Structures are given as C-alpha cells and as structure tokens.
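Right, one structure below, let's go through it.
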Protein chains: 2
Amino acid sequence: MATPQLTKNQSLVMGALAHSEGPMSAYTILDKLRDQGFRAPLQVYRALDKLLEYGLVHRLESLNAFVACTCPDDHEHDRGVTAFTICEGCGQVTEFHDEAIEERLSTLVRGQNFKTEKTTIEIRGHCSSCA
Amino acid sequence: MATPQLTKNQSLVMGALAHSEGPMSAYTILDKLRDQGFRAPLQVYRALDKLLEYGLVHRLESLNAFVACTCPDDHEHDRGVTAFTICEGCGQVTEFHDEAIEERLSTLVRGQNFKTEKTTIEIRGHCSSCA
DNA sequence: GCAATTGATGTAATAACATTACATGGCAAT
DNA sequence: ATTGCCATGTAATGTTATTACATCAATTGC
Ligand SMILES: [Zn+2]
Ligand SMILES: [Zn+2]
Ligand SMILES: [Zn+2]
Ligand SMILES: [Zn+2]
C-alpha cells in the first residue's frame, strides 16, 4: 500500500500527531486544529481513517486515542503485528514489533481456523521513569 | 482475590452476560435488565467494575463491550494474559491463554524496564464458519 | 467546452459510550 | 442511637463516534 500525497486535512492531523508528545483523542486533535479551520469531529475522523489505512497512524483501543507511527520503515506493518506499552503515569507510548509473538499468535489462531485481519496488543503499566 | 457473594445488581449483570451468545455493550445490558428494574447506566457500570475486578468478566477494548469469562478455573487469570479472537462476521468471541506469549511479552517489556499492569490482546478477523 | 463521475470537504444533528455529583437506604460495629 | 461503610437510585453531564445531506474541485469521457 503506497502512501499517496496527503490532503490538506490529512496533513494537518498527521502534523498534530507527529508533534505531540503522546497519544491524542480525536477531539483533542480537533481542538488543536481549530486555528487551522477545523470545526467538526468528522474532519478529524475522516483524516484519521485514511492515515490509519496508510499505516501512518495507530489507534490505541484501550485509550480511544491515536498516535503517529514511530516505525523507521513501512515494511514492518505489511505483515506484522504492532504492539504498544502505555505508561499510566506519563502517558508515554512505545511501539514495538516482534516476530516470535507474531508466529506464536499465528499458530494459535490457525488452530481455531481463524483468519486474522487485525491484531491489537496493548500493555498498560508504568515506564521506568514512573515506576 | 477470592470472589465474594455477588450483590443483586452484580448477579443480574453477570447473568445477562453469561446467558448471552456474545459480547454486550453496557447499554445493551441495561436494556436487557430494564424489566428487572434497571434504569440508569451507572447500575450497569458499577456492577461491571466489580465483576471485572473479580475476574468474572472481561472487557473487549476494541469493541467497547463485555463478555463473561469462559475459563474453567480462576487461576489462569492470576498471573496470566488473556487473549481473544473476535469474529467480525458472527460476533463469536473465543478466550484463550498461552504461556509462550506471556513469557515473550514479559521478556520484551522487561527490556524496556516497563512494569506491566494489564495486557490486552484482541484478534479481529473471521472464524471458521464465517471465512 | 461540458456533463458525468469521483473524492475531498463543510455543517448539523444524533447516536453510543462513560463518568460525576449528590441523595438515599441497609446493615453491622460500637 | 450513632457512626461508618457499602450498595443503590437518579439526574445531569462529559466524551467518543457516526449518519445524513450539501457543496466543491479535479478528472474523465464525449
Ligand atoms: Zn507503526
Ligand atoms: Zn511513565
Ligand atoms: Zn477469563
Ligand atoms: Zn464468525
């Protein structure tokens, strides 16, 4: 999935997430972009949908929030599983990937005859600074 | 964490989840329990909080919904990670546990000096019937 | 050029999910 | 009886996400 040129709204949302310290909810993004002309949730959600599709952004299900992808390259996402640690203290989110987990999960779900479309792995806890 | 006697509201919510085919949102549970005298979301959320604490119910983050635990015994939850496959076709949810995954995640997270409190693993896709 | 299509955008309204605040009731310990 | 504790009842509000409909711009085919 090659990433096409981003539209104006997509660029604005991408920029907001990229410059943010941590994850942001759609409504937080909306507030940040009011000065840029954003007025309604849908402007954010539509941009996010595309950015998620392109793999530039991830959704954190346990937070109802979004983060910019921190992968150096795209290719990690093509077949891979993305996992996150999420610190409850400072909000820091760390994205990581691991083949061993992928393969083990793959084996387990194959045993159920289950066809995976998307895998969510989110680990809530405290980072080294906030322990 | 021994499970105390459930209160009336907790029993009603537990019953609704246990007899349900699949996961239910808090508001769906509320509707099912109107005849039993439930009138407000808080009655459901309060009961769910306790049931989650006792490990009798799990929350599916990617669905904003809840399922009864299907473990034969409690002891799987004490130290363990709970994972789910969720079929987008029929809504079927299957809970499973795997030590290999737990250990691998534990190793990876320790490498970050991260202290895990709760791990979410949810696999969306299609079950054998809905492939 | 011009209609038709397509994709992005704008706006309003509504739906779905969750929490805060405050009042009440039951029951056990003192 | 008073106190403390926990479960409950009720209303209001806050937060997250979608539906519906109108408009605009770029492209395509004629
Ligand atoms: Zn990523
Ligand atoms: Zn931290
Ligand atoms: Zn369980
Ligand atoms: Zn299915």
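The values are calculated or read from the model by the stated rules, or taken from the named source; none is laboratory data. The structure displayed is predicted, hence computed values, not measured ones. Quick reminder, even Gly has a Cβ in these numbers, built from the backbone with ideal geometry, and neighbours come from all protein chains shown. Protein only, heavy atoms only, side chains kept; ligands, DNA and RNA dropped before computing areas. Shrake-Rupley method; radii C 1.70, N 1.55, O 1.52, S 1.80 Å.
Among the residues of the range A:1-25, which ones are outside any helix (DSSP H, G or I) and in contact with a strand residue (DSSP E or B) (Cβ under 9 Å, 6 or more places away or on another chain)? Within the range A:1-25, A:H19, A:S20, A:G22, A:P23, A:M24, A:S25 qualify. Considering the range A:57-72, the residues that are more than 13 Å from A:M14 (Cα to Cα) and away from DNA strand D (no atom under 16 Å from the Cβ) include one that is most open to solvent (accessible area, probe 1.4 Å), namely A:P72. Of everything listed in (1) crowded, with 19+ Cβ neighbours inside 10 Å; (2) under 20 Å from B:C127 (Cα atoms); (3) more than 11 Å from the chain's Cα centre (by Cα), the single unmet condition for B:A16 is (2).
Consider only pairs whose beta carbons are under 9 Å apart and that are at least six residues apart or on different chains; among these, list those whose first residue lies in the range B:7-18 and is more than 14 Å from chain A (Cβ to nearest Cβ) and whose second residue is within 16 Å of ligand 4 (Cβ to nearest atom) and outside any helix (DSSP H, G or I). From the range B:7-18, the pairs are B:L17/B:P23; B:L17/B:V67. Among the candidates A:T116, A:T85, A:T94, the residue that is surrounded by fewer than 19 Cβ atoms within 10 Å (Cβ to Cβ), within 16 Å of ligand 2 (Cβ to nearest atom) and under 21 Å from B:E122 (Cβ atoms) is uniquely A:T94. Residue by residue through the range A:10-35, note down the ones that are among the β-branched types (V, I, T) and farther than 23 Å from A:E88 by Cα. Once the filter is applied, which keeps residues that are among the β-branched types (V, I, T) and farther than 23 Å from A:E88 by Cα, the range A:10-35 yields only A:V13.
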